[in-house]
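Participant: Below are the structure tokens for one structure; questions will follow.
Every number here is computed from the coordinates shown, using simple stated rules; none is lab data. Quick caveat: nothing in here was measured; it's all calculated off a predicted structure. In this analysis, Cβ positions are derived from the backbone assuming ideal geometry, glycine residues included, and neighbour counts consider all displayed protein chains.
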Amino acid sequence: MRIELDVNGEQLEADVWAGESLLYVLRERLGLPGSKNACEQGECGSCSVLLDGELVCACLVLAAQAEGHEVVTVEGLAGAEGLHPVQAAFARAGAVQCGFCTPGLVVTTAHLLERNPDPSEDEIREALSGNLCRCTGYAKIFDAVKLAAGT
Amino acid sequence: MSAPPARKLQLGRVGETVQRVDAIPKVTGEFAFSSDLFAAGMLWGHTVRSPHAHARIVSIDISQAVPMPGVQAVLTHEDVPGAKHYGLEFPDQPVLAIDRVRYFGEPVALVAAEHPEQARRAASRIAVEYEPLEPIVDAERALAQEELHPNRPTSGHGYREDPRPNVVRTMVVRHGDPDAEGDVSVSGVYELGIQDQAFLGPESGLAIPDGEGGIDIYVATQWLHVDRDQVAPCLDLEPERVRIHLAGVGGAFGGREDLSMQIHGAMLALRTNRPVKIVYNRQESFVGHIHRHPARIWAEHRADRDGKLKCVRMRILLDGGAYASSSTAVTSNAASFACGPYAVENALLESTCVYTNNPPCGAMRGFGAVQTCFAGEAQMDKLAAALGVDPVELRLRNALAPGDTLPTGQKLTGSLPVAEVIRRCAAIPVPEPDGLPRDAIRLPGGSGNVTRGEGVRRGVGFAVGFKNIGYSEGFDDYTAARVRLFTDRSGGLVAEVHCAAAEVGQGVSNVLVQVARTELDIVDDVLLAPHTTATVDSAGSASASRMTWMSSGAVRLACAAVREELDRRGGSLDPGEEIDIERIYRHPRTTPLDPETGQVTGERAHVAFACAAMRVVAEVDTELGLVRVAWIGTAQDVGKALNPQAVHGQIEGGTAQGVGLALMEEIQTEDGLITNASFTDYLIPTALDMPRVVAELVEDAEPDAPYGVKGVGEPPTVVSTAAVVAALRAATGRELARVPVRPEHLAGL
Amino acid sequence: MKFVRPESPEAAASSLGNGSVALAGGTDLVPMLRDGLVQADELVFLRDVVPRGVQSGRIGAGTTLAELEVDPELPQALREACAASASPQLRSMGTIGGNLLQATRCWYWRLRFPCYLHGGDRCHARQGTHREHAIFGNDRCASAHPSDPAAALLALGARLQTTRRELPVADLYRLPTEENRNLTALERDELILELDVPTPDASVYLKAMDRRAWSFALVGVAAARFGAETRLALAGVAPVPWLLENPSALEQSTPLPGTAYKVEIARALVRRALASLPTT
């Protein structure tokens, strides 16, 4: 089936099988591999994207479900002036090691700060509780969120 | 002329915190992990795996799969062009199962198709007839059961003779008088479950045939050249015709030391003459790589009334699962570090690893020392209690010092500041307990909202651990680096560094750049060439906390040679002129431990050592058995922090993995089947489970290492499980001899 | 597989069965499709036909957990149960209707062992690894029901409106029998449309988990006080959400050797839940 998706402000089209997830379509059909496939079962958050501004796991959204809705991925966060403040903060704070969780965390953090511009560390932990990281132990990720909140 | 690249490397020298050279592409999503690779005309490969832990293969019928839509190849063991077996240290593992499967998930057949779903559907039509066999699932009983590998692949390698069935290796360390008595003796039996590396990036890669019978394999791995040396014979190709290129690695922690899709992808690519990509899903990842060895440990510690250790006796049984992987080295490590970083005159340490039909085990961060640290530190706390001595004081009284002799007979000639690490850790101020009432989120139970403080008890634990840095027992370990110096179009002097050191997230790419910038501070820019077997010799493995040391040494040697040559040419290069030199770095030699006594046969069996001390504050809801790790403070012996921010990152991450083993991580098996192969059922710490880690870096230079550096990745994982459980014991009074500790072990006090 | 968008709830309901499966948020269904636990030739997309949103105590079954967790009109137990469920990402997509109907996490069932729920004649968990399993209603199947909101709605005495009838949430669930292994009582072509949730004087939800976030309940306890009566319902202790007559009913539990600890946890959580409810 052919579907139309609004991704990062652009109207895109793809031929998809009914069972294909939004994640698969983004990565394999639309040339947007930034969202990651660590589990594809909604258990790790590495595929986090915004769907009409809500934070979702793209691996559990069927591509057909996303038709007619706005999708924002990590690739859509940077602007004309360069990196999104959250991206710059993650890089500077040492919150990136292997980087596999990073796109999901960057999207989740951007979503958090839009709703709660000055979160406490407890609020940060709760908001990020759906994103697993295996490398960092999360400490510098919290630093990055605070750094981004300050800018 | 075209403009310079938009992103400029932020360069710094050794000792500075420098932003990761790959940080920007990783935060924008542009960084290409091995699962992101794409090639025109690419096929998707899929692996058919055994549903049995132990079975005879009666027949494999691929006839229903071959004609299915999109299918381009279906392969079995008959299609393996060369050697049918491979292995990291012993070639005991079939590329594709031949007449028998020995673990749940063992690869049996391969499919390549146009779409991954087509490959999966075709895979489900491959009819494998199995005759299930009784699986061997108990490590102790395995020593008296039928041999899983009757040809005993690990014997005859200079190891101790142990004729019992299914022994992968036995190591005995006999030091002084193993029967020496003390005034006090404490004993225990300890157990650790199977831990998984649970790296987030799934096993994946892309194999591209070169059109001339050779192959390029882009893969997430820890050691490019050892991959090549296993792949080539199985493909019946000369090593030069198999080129391994490092693709972006989504974490490793030991789980990528063994091959995953390399041979499989190459076979499919060479058969179809098209690029083939293989990506494991999460369930497949859990069964598709080796795990940390589960262990049972019997320990007895004897000490004098003044707290001095008199004798340590420990027996360690490791379940290695179906194939050897790096088990022989894990076995050796477990015994070598069983006494902990303490001076002990007398010891009898015996470590045995067995074959079973349980999931195969091999390298995971800590490599045998995690298991013995858990047992040994529990024993030290028991001793402290029996003697009425403060637990920290007891450790200080026994701390190893330069010039001391280890239980292996090796004299400590390098750096190992155990006492200082203990003191610095003990000196970190522990915060006052958070008062009550407080938000449920800051109490055990977290977001479950289960308490306002009822039943909560606080406990503080302290542990110390150590292990070796680098490979051991005579392994000829080396790292090559190649530096090419040239003048670029704008007239700047540029150094291009080629080193196959695998960047797995630990930050070694920055190490290479920072070292080059320091040693060749005359250049305008340092570029990092892609990591590949094609342009440089082996860098060895990103494991054993060795890579920073070894790659710094290699890059430094190559830079020095380049500098010397530049001076010889008058100090400058004309456009088009270049200097290109490769150098190989080796650490001081080691020799094997004696198979009978476990004592050194030369000056050293291990290159160097690093230690860490850790204090953990934990709160336990004693009615529900729920835990909150409230605070962690640690001091670690790092030699020299090449990049302090990165070192702290390694400590924080390594600690989290130990917290996971302490509280929640265990691969569950039933008759050899893995029953919890998902992130729903194999739990790793979330952002709510990890506190901040206050870390003191103790920089005591390692004399034999470049810049005095030591590896930092493993010590925090070695010590953290022991420290967390010590805190739980303090809070609950329970013995807690097994990890992971679950609510049912703590509830109902 | 086809993806269809029906015109009305009735059209959606009547098309179900024979390989046509309802899809709302997808957080429970999509992984099961991938794992082969559910076979579907057709996915019937419910988003535009099942009511969504909260209006004067009536909750559309298509409302997400994220929407429910922040609605100040709703009882605290329901809000807390939603907030404690899953992860932020899953709560954005998961609907309350789908959440009530989610499948057990029992790994024997999920790995398709030929167990009682799959139509076989034994419960593999009983002899196997069962630390996450049931302490009530477990003589045939020892699986545990994973839904937190279901326990809250049971304690609140909520009622469901389906395309066919109106029923108390308690009647949505059933223990499996020899003739019928289903854990829910919905007809194949029946859809949940709305929930009617009474307003209690006070309510609370407490959840004990294996880690501090993002896990299924070892034991979840919902308590709701209506005047002099307090209702208790538990998640994670039986194949279905379990109404507890009173705290001492825990003494009638039938734990397995590996689930006895859940009785301890349940006792403590019930006591704390009751203690946290204001008495007037």
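Participant: Given just the C-alpha atoms of region B:531-613, how large is their convex hull per residue in cubic angstrom?
Facilitator: Values: hull volume 13.8 nm³, N = 83.
Per-residue hull volume (Cα only) is 166 Å³.
Participant: Can I ask one more? With a Förster radius of 25 Å, plug the Cβ-Cβ distance of residue C:188 and residue C:48 into 1/(1 + (r/R0)^6) and report the FRET value to the nearest 0.05.
Facilitator: On the way: r = 22 Å, r/R0 = 0.87.
It comes to 0.70.
Participant: In addition: Averaged across the residues of C:198-206, what count of C-beta atoms belonging to other chains lies within 10 Å of each residue's C-beta?
Facilitator: Numbers: counts 0, 0, 0, 0, 0, 0, 1, 3, 7.
Partner-chain Cβ atoms within 10 Å, mean over residues of C:198-206: 1.
Participant: Here's another thing I want to ask about it. Among C:256, B:427, B:587, which residue has its Cα furthest toward the positive end of the charge dipole of the protein assembly as shown, with +1 on Lys/Arg Cβ and -1 on Asp/Glu Cβ?
Facilitator: It is B:427, whose Cα lies furthest towards the positive end.
Participant: Moving on. Can you tell me which lysines have their Cα less than 29 Å from the Cα of residue B:84? Leave out same-chain residues fewer than eight positions away.
Facilitator: Straight-line reach from residue B:84, under 29 Å: B:277.
Participant: Which trypsin sites (Lys or Arg not before Pro) does region B:257-349 hold that lie in a coil by DSSP with at most 14 other beta carbons within 10 Å? Mind dumping the intermediate values first?
Facilitator: On the way: sites: B:271, B:277, B:282, B:292, B:296, B:302, B:305, B:308, B:310, B:313, B:315; in loops: B:292, B:305, B:308.
Those that pass, being in a loop and sparsely packed, are B:305.
Participant: What nm distance separates the two modelled labels at residue B:413 and residue B:692, each placed 7 Å from Cα along Cα→Cβ?
Facilitator: With each label point 7 Å from Cα toward Cβ, the separation is 4.3 nm.
Participant: What Kirkwood Rh does region A:85-149 have if only Cα atoms enter the pairwise 1/r average? Answer in Å.
Facilitator: Numbers: mean 1/r = 0.0888 Å⁻¹.
About 11.3 Å, per the Kirkwood formula over Cα pairs.
Participant: Also, quick follow-up: Taking DSSP loops as anything outside H, G, I, E and B, show the longest stretch in chain C free of GluC sites (Glu not before Pro) there with at most 10 other beta carbons within 10 Å. Provide the component values of the computation, followed by the final result.
Facilitator: Working: sites that count: C:7, C:178, C:179, C:245.
So the longest stretch without any such site is C:8-177.
Participant: Distance between Cα centroids, region C:180-229 to region B:207-252: provide it in whole Å.
Facilitator: So the two Cα centres are separated by 53 Å.
Participant: Cα convex hull of region C:1-65: mean projected area in nm², to one decimal? Present the calculation step by step, with values, prior to reporting the outcome.
Facilitator: Details: hull surface 19.0 nm².
Approximately 4.7 nm², given one-decimal rounding.
Participant: So what's the convex hull volume per residue for the Cα atoms of region B:352-415, in Å³?
Facilitator: Details: hull volume 9.5 nm³, N = 64.
Taking only Cα atoms, region B:352-415 has a hull volume of 149 Å³ per residue.
Participant: Quick one: putting +1 on the C-beta of Lys and Arg, -1 on the C-beta of Asp and Glu, what dipole do you get for region B:466-518 around its Cα centre, in Debye to the nearest 20? Please report the intermediate quantities before stating the final value.
Facilitator: On the way: 5 positive and 6 negative charges, 54 e Å.
With only Lys, Arg, Asp and Glu charged at Cβ, the dipole is about 260 debye.
Participant: Sticking with this structure for a sec: What is the distance, in nm, between label points placed 7 Å from the Cα along the Cα-to-Cβ direction at residue B:393 and at residue B:345?
Facilitator: 2.3 nm
Participant: Here's something else I'd like to know. How big is D, in µm² s⁻¹, for region C:2-276 by Stokes-Einstein at 20 °C and 1.002 mPa s if Rh is the Kirkwood radius over C-alpha pairs? Intermediate values should be presented prior to the final figure.
Facilitator: Numbers: Rh = 18.8 Å.
Rounded, D is 114 µm²/s.
Participant: I need the Kirkwood Rh of the protein assembly as shown: take the reciprocal of the average 1/r across all distinct C-alpha pairs and report it in angstrom. Walk me through the intermediate numbers first.
Facilitator: On the way: mean 1/r = 0.0325 Å⁻¹.
Taking every pair of different Cα atoms in the protein assembly as shown, averaging 1/r and inverting gives 30.8 Å.
Participant: Would you please name the trypsin sites (Lys or Arg not before Pro) within region B:465-516 that are DSSP coil residues with at most 10 other C-beta atoms within 10 Å of their C-beta?
Facilitator: Working: sites: B:467, B:482, B:484, B:489; in loops: B:489.
Sites meeting the loop and neighbour criteria: B:489.
Participant: About the Cα centre of region A:85-149, what is the dipole size in debye to 20, counting +1 per Lys and Arg Cβ and -1 per Asp and Glu Cβ, all else neutral? Present the calculation step by step, with values, prior to reporting the outcome.
Facilitator: Details: 6 positive and 7 negative charges, 59 e Å.
Approximately 280 debye in magnitude.
Participant: Moving on. Enter the mean number of other protein chain beta carbons within 10 Å of the beta carbon of each residue in C:92-103, as an integer. Before the final figure, lay out the partial values.
Facilitator: Working: counts 12, 9, 3, 0, 0, 0, 0, 0, 0, 0, 0, 0.
Whole-number average of other-chain Cβ neighbours for C:92-103 is 2.
Participant: A follow-up question, please. Using a Förster distance of 60 angstrom, determine the FRET efficiency expected from the C-beta separation of residue B:385 and residue B:13, and round it to 0.05.
Facilitator: Numbers: r = 49 Å, r/R0 = 0.81.
According to the calculation, E is roughly 0.80.
Participant: So for the protein assembly as shown, taking the charge dipole from beta-carbon charges (+1 Lys/Arg, -1 Asp/Glu), which of C:246, B:246, C:114 sits furthest toward the positive end?
Facilitator: C:246
Participant: In Å and from the alpha-carbon atoms only, list the Rg and Dmax of region A:2-77.
Facilitator: 10.7, 29
Participant: Using Cβ counts within 10 Å as a stand-in for footprinting exposure, how do C:129, C:199 rank, fewest first? List each step's numbers first, then the result.
Facilitator: Values: C:129 16, C:199 12.
By the 10 Å Cβ count, ascending, the order reads C:199, C:129.
Participant: Report the relative contact order of chain B, percent, no decimals, based on alpha-carbon pairs under 8 angstrom and at least 6 residues apart. Spell out each step's value before the answer.
Facilitator: On the way: 2022 pairs, mean separation 119.2, N = 749.
After rounding, I find 16 percent.
Participant: How big is the charge dipole of chain C about its Cα centre, in debye rounded to the nearest 20, if each Lys and Arg gets +1 on its Cβ and each Asp and Glu gets -1 on its Cβ? Write out the running numbers ahead of the final one.
Facilitator: Working: 30 positive and 31 negative charges, 175 e Å.
Dipole size: approximately 840 debye.
Participant: Shifting gears a bit: Determine ³J(HN,Hα), in whole Hz, for all residues of region B:722-729 in sequence, where each value follows from phi through the Karplus function 6.51 cos²θ - 1.76 cosθ + 1.60 and θ = phi - 60°; x replaces Gly and Pro.
Facilitator: 4, 5, 5, 5, 4, 5, 5, 5
Participant: Turning to a different aspect of this structure: Once each part is reduced to its C-alpha centroid, what is the distance from region A:113-151 to region B:440-463 in angstrom?
Facilitator: 21 Å
Participant: In what sequence do B:52, B:293, B:245 fall when counting other Cβ within 10 Å, fewest first? The partial results should precede the final answer.
Facilitator: Details: B:52 24, B:293 31, B:245 21.
The most exposed by this proxy come first: B:245, B:52, B:293.
Participant: Now for a different question. For the charge dipole of the protein assembly as shown, defined by +1 on Lys and Arg C-beta atoms and -1 on Asp and Glu C-beta atoms about the Cα centroid, which residue among C:17, A:103, B:617 has the Cα displaced farthest towards the positive pole?
Facilitator: It is B:617, whose Cα lies furthest towards the positive end.
Participant: Evaluate the distance, in nm, between pseudo-label points positioned 7 Å from the Cα of residue B:181 and of residue B:157 along their respective Cα→Cβ axes.
Facilitator: It works out to 4.2 nm between the two label points.
Participant: Let a ≥ b ≥ c be the square roots of the eigenvalues of the Cα gyration tensor of chain A; is it rounded (a/c under 1.5), or, if not, prolate (a/b larger than b/c) or oblate? Don't skip to the end; give the middle numbers.
Facilitator: Working: a/c = 2.04, a/b = 1.70, b/c = 1.20.
Prolate shape, in that a/c is at least 1.5 and a/b is the bigger ratio.
Participant: Shifting gears a bit: Would you tell me the mean number of C-beta atoms belonging to other protein chains that fall within 10 Å of each C-beta in C:22-30, as a whole number? Write down the numbers at each step before the final one.
Facilitator: Values: counts 0, 3, 1, 4, 8, 6, 2, 2, 11.
Shielding by partners across C:22-30 averages 4.
Participant: Still on this model: Given H placed 1.01 Å from N in the peptide plane, which residues other than close sequence neighbours of residue B:97 have an amide H under 5 Å from its amide H?
Facilitator: B:108
Participant: OK, next. Check residue B:346: other-chain or 5+ apart residues with amide H under 5 Å from its amide H, H built from backbone geometry?
Facilitator: B:312
Participant: On a C-alpha basis, how far is the centre of region B:275-294 from the centre of region B:554-616 in Å? Whole number, if you could?
Facilitator: Their Cα centres are 33 Å away from one another.
Participant: By its C-alpha gyration tensor, with a ≥ b ≥ c as the square roots of the eigenvalues, how is region C:1-114 shaped: rounded for a/c under 1.5, else prolate for a/b larger than b/c, else oblate? Intermediate values should be presented prior to the final figure.
Facilitator: Details: a/c = 2.52, a/b = 1.27, b/c = 1.99.
In terms of gyration-tensor shape, oblate.
Participant: Remind me, what semi-axes does chain B give for its equivalent ellipsoid, largest first in whole Å, using sqrt of 5 times each Cα gyration tensor eigenvalue?
Facilitator: 40, 34, 26
Participant: Quick check on chain B: helices-only [θ] at 222 nm, where DSSP H runs of length 4 and up contribute -39,500 (n - 2.57) each and the sum goes over total residues. Nearest 500, please. Each step should come with its number before you reach the end.
Facilitator: Working: 15 runs with 172 residues, N = 749.
Here the helix-only value at 222 nm equals -7000 deg cm²/dmol.
Participant: Okay, next question. Distance cut-off 26 Å, Cα to Cα: go down the list A:36/A:146; A:36/A:140; A:36/C:207 and report the pairs above it.
Facilitator: Numbers: A:36/A:146 24 Å; A:36/A:140 21 Å; A:36/C:207 30 Å.
From the list (A:36/A:146; A:36/A:140; A:36/C:207), the Cα-Cα distance tops 26 Å for A:36/C:207.
Participant: Say R0 is 25 Å: what FRET efficiency, to the nearest 0.05, do residue B:240 and residue B:39 get from their beta-carbon distance? Let's see the in-between values first.
Facilitator: On the way: r = 22 Å, r/R0 = 0.87.
Here the calculated transfer efficiency is 0.70.
Participant: Tell me, what is the percent relative contact order of chain A, built from C-alpha pairs under 8 Å that lie six or more residues apart? List each step's numbers first, then the result.
Facilitator: Working: 272 pairs, mean separation 36.2, N = 151.
This gives 24 percent for chain A.
Participant: May I ask you to list the lysines whose Cα is less than 24 Å away from that of residue B:308, ignoring any residue fewer than eight positions away on the same chain?
Facilitator: Excluding near neighbours in sequence, the set is B:382, B:411, B:467.
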